[in-house]
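Working notes for the structure below.
The values are calculated or read from the model by the stated rules, or taken from the named source; none is laboratory data. Owing to the predicted nature of the structure, the values given are computational and were not obtained by experimental measurement. Every residue, glycine as well, gets a Cβ built from its backbone with ideal geometry; the counts of neighbours run over all protein chains shown.
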C-alpha cells in the first residue's frame with residue numbers, strides 16, 4: 001500500500017491565524033490600559049477636592065486678589081459689586097459673575113498627587129485669590145508657575161492633596177488681568193428697567209423728556225417744542241452701547257476735563273433708579289470726558305458728543321415735513337407768478353403750471369390729475385431732492401408769527417401731495433448777504449409742521465429749486 005502525503009496548510013490560513021492572534025493581544029492590552037487609567041483616576045479622585053462647589057458662587061460676598069505689589073478687593077453691596085481696593089469704584093458685575101462661574105466648574109487637567117508646593121512656586125504663590133462666603137468661611141486658591149510642557153498653570157487650594165494643573169486661559173482672564181477689567185466699564189450700570197425719562201441741562205432751557213416706547217418721546221419741558229424721538233433714542237442708547245475705555249483716577253487731571261462745571265448734565269430715570277452723568281469736553285483721539293456721580297471720571301467715544309451737549313438744538317424736531325418722501329406723487333414749485341409741477345407715475349413727469357391754476361393748487365387741491373400734458377422729467381436728481389426736503393431742518397428759531405404764514409410773503413413755495421391727497425408745504429425767502437438773493441447763504445422758512453414758527457435754514461438746497469423753477473419752459 002502506497003503511503004499518502006500529509007495535507008498541506010495554505011499560507012493564507014497562517015496569515016489569518018496571525019491576524020486573529022494580534023487582535024486578541026491588542027484587546028488584552030486595551031483592557032489593561034483602561035483598567036490602569038480608571039485606577040489612576042480613582043486614586044486622583046480620592047486626592048481631588050473641588051475648590052468651589054456648583055452654586056456656591058451665589059454665596060460669595062467678597063473676592064480678594066493678591067499679586068506682587070497689588071491687591072484688588074471686591075465686595076457685594078446692596079445687589080451690586082463694588083471695588084474697595086486699590087480704589088473705591090463700581091466693580092464689573094459681568095467680570096465677577098464670569099469669574100465665579102469659572103471657579104465653580106474649574107477643570108483640573110491633571111493632578112500631581114502628594115506633590116510638594118514649593119517647587120511649583122505655590123509656597124509662596126505667585127497669585128492668591130480668596131473668596132469670602134456669606135457665613136464668614138474663606139476659601140483661597142493659589143496659582144504658581146507655568147507647566148513647561150503644556151503651558152498650563154500650577155494651582156493649589158485647601159483640601160487638595162497635591163498640585164493641580166488648570167487651564168491657562170482661566171489664570172489670564174481672572175487672576176492676571178489688570179484692574180481696568182475688574183472695574184465697571186458701562187457708562188450706566190445695567191439694570192432690568194429701561195430708561196423712563198431724562199432731564200438735560202446743556203446751557204439752554206432745561207429739557208424734561210419722557211419716553212413712551214421705542215423712538216417715541218415727548219417734552220414735558222419746554223412744552224412748546226417737539227421732541228425728536230430718533231435723536232433722543234440714539235443718544236440714550238449711547239449710554240450702554242459705548243463703554244469707558246480709560247479712567248482718570250488722579251484728581252490732578254480733573255480740572256482739564258471740562259467737568260466743573262460740565263458742558264451738559266444728564267439725569268437718567270430707570271425703574272425708580274436715578275443716575276446723574278456729567279459731560280465734559282472733547283479729548284484727543286476721538287474721546288470725550290464723562291463722569292457718573294459717585295465714580296471717577298472716564299473717557300468714552302465722542303460719536304454722540306453733539307447730542308449730549310447740544311441741548312434743544314440737538315434733541316428737538318426742527319424739520320419742516322414729516323418723513324414720508326416715498327409717498328409723494330405730486331410736487332409744485334412756485335414764486336407766485338409762475339410754477340412748475342412734477343408728477344410721479346411710472347416715472348417722473350414735469351410741466352409748467354398754468355397761471356390760473358396756481359392759486360387753486362396752492363390752496364391744497366391735488367394738481368395734474370391727468371398727466372397726459374406732462375413730459376418725462378429730464379432731471380435725474382429729482383427723487384433725491386425731494387428726499388432732501390424731508391430731512392431739511394432749521395438751524396435756529398426766529399420770532400413766532402401771530403398767524404400762520406401767508407404764502408405771498410415768501411419768494412419760493414414748495415407744495416407736496418402724497419398718494420392719499422394729503423398736502424404739505426414749505427415757504428422760503430432768502431436773506432441777501434451782500435449779493436443777489438440766490439447767493440445768500442441762509443434764508444427764513446416755515447413749513448406744515450410749524451406754520452407759525454419761522455426758522456433760519458441753509459439756503460443751498462432750496463436755491464436749487466429756484467433754479468429749476470427759472471428753467472421751466
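Scan the stretch 406-419 for residues that are farther than 14 Å from residue 455 by Cβ and either assigned to a strand (DSSP E or B) or in contact (Cβ under 8 Å) with a residue 12 or more places away in the chain (or both) and jot them down.
407, 408, 409, 411, 412, 413, 414, 415, 416, 417, 418, 419
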Restricting the stretch 118-138 to residues that are farther than 10 Å from residue 63 by Cα and in contact (Cβ under 8 Å) with a residue 60 or more places away in the chain, the one surrounded by the fewest Cβ atoms within 10 Å (Cβ to Cβ) turns out to be 135
Restricting the stretch 130-152 to residues that are touching a helix residue (DSSP H, G or I) at 6+ places or on another chain (Cβ under 6 Å) and in a strand (DSSP E or B), the one nearest to residue 172 (Cα to Cα) turns out to be 143
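Quick grid of which residues meet (1) surrounded by 18 or more Cβ atoms within 10 Å (Cβ to Cβ); (2) in contact with a helix residue (DSSP H, G or I) (Cβ under 6 Å, 6 or more places away or on another chain); (3) assigned to a loop (DSSP other than H, G, I, E, B):
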| position | (1), (2), (3) |
| --- | --- |
| 322 | no, no, yes |
| 341 | yes, no, no |
| 349 | yes, no, no |
| 356 | no, no, no |
| 367 | yes, yes, yes |
| 378 | no, no, yes |
| 389 | yes, no, no |
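Do we have any residue at all in the stretch 153-163 that's in a loop (DSSP other than H, G, I, E, B), outside the structural domain of residue 84 (by TED's automatic domain parsing) and surrounded by fewer than 14 Cβ atoms within 10 Å (Cβ to Cβ)?
Taking the stretch 153-163 as the starting set, the residues that turn out to be in a loop (DSSP other than H, G, I, E, B) are 158-161.
With outside the structural domain of residue 84 (by TED's automatic domain parsing) added as a condition, the list becomes none.
No.
From the list 311, 280, 229, pick out the single residue that is crowded, with 19+ Cβ neighbours inside 10 Å, modelled with pLDDT under 95 and touching a strand residue (DSSP E or B) at 6+ places or on another chain (Cβ under 6 Å). Can you show your working first?
Details: 311 fails: touching a strand residue (DSSP E or B) at 6+ places or on another chain (Cβ under 6 Å); 280 fails: modelled with pLDDT under 95.
Of 311, 280, 229, the one residue that is crowded, with 19+ Cβ neighbours inside 10 Å, modelled with pLDDT under 95 and touching a strand residue (DSSP E or B) at 6+ places or on another chain (Cβ under 6 Å) is 229.
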### Query
Does residue 382 satisfy being under 45 Å from the mean Cα position of the chain (by Cα) and in contact (Cβ under 8 Å) with a residue 60 or more places away in the chain?
no
query = Scanning for something under 20 Å from residue 302 (Cα atoms) and crowded, with 17+ Cβ neighbours inside 10 Å, does the stretch 170-185 turn up at least one residue?
reply = yes
For residue 399, the lone unmet condition from (1) assigned to a loop (DSSP other than H, G, I, E, B); (2) touching a strand residue (DSSP E or B) at 6+ places or on another chain (Cβ under 9 Å) is (2)
(message) Take the conditions in a helix (DSSP H, G or I) and either without any contact (Cβ under 8 Å) to a residue 60 or more places away in the chain or within 23 Å of residue 237 (Cβ to Cβ) (or both) and apply them to residue 361. Does it pass?
(response) yes
The lone condition residue 430 fails out of (1) modelled with pLDDT of 90 or more; (2) buried (at least 21 other Cβ atoms within 10 Å of the Cβ) is (1)
Within the stretch 71-91, the residues that are at pLDDT below 90 and either on the phi < 0 side of the Ramachandran plot or in a strand (DSSP E or B) (or both) are 77, 80
Note on residue 212: of the conditions (1) within 23 Å of residue 451 (Cα to Cα); (2) part of a strand (DSSP E or B), unmet is (1)
Picked from the stretch 281-295 (must be more than 20 Å from the chain's Cα centre (by Cα) and assigned to a strand (DSSP E or B)), the residue farthest from residue 266 (Cα to Cα) is 283
When residue 79 is run through (1) more than 23 Å from residue 53 (Cα to Cα); (2) surrounded by fewer than 19 Cβ atoms within 10 Å (Cβ to Cβ), the failure sits at (1)
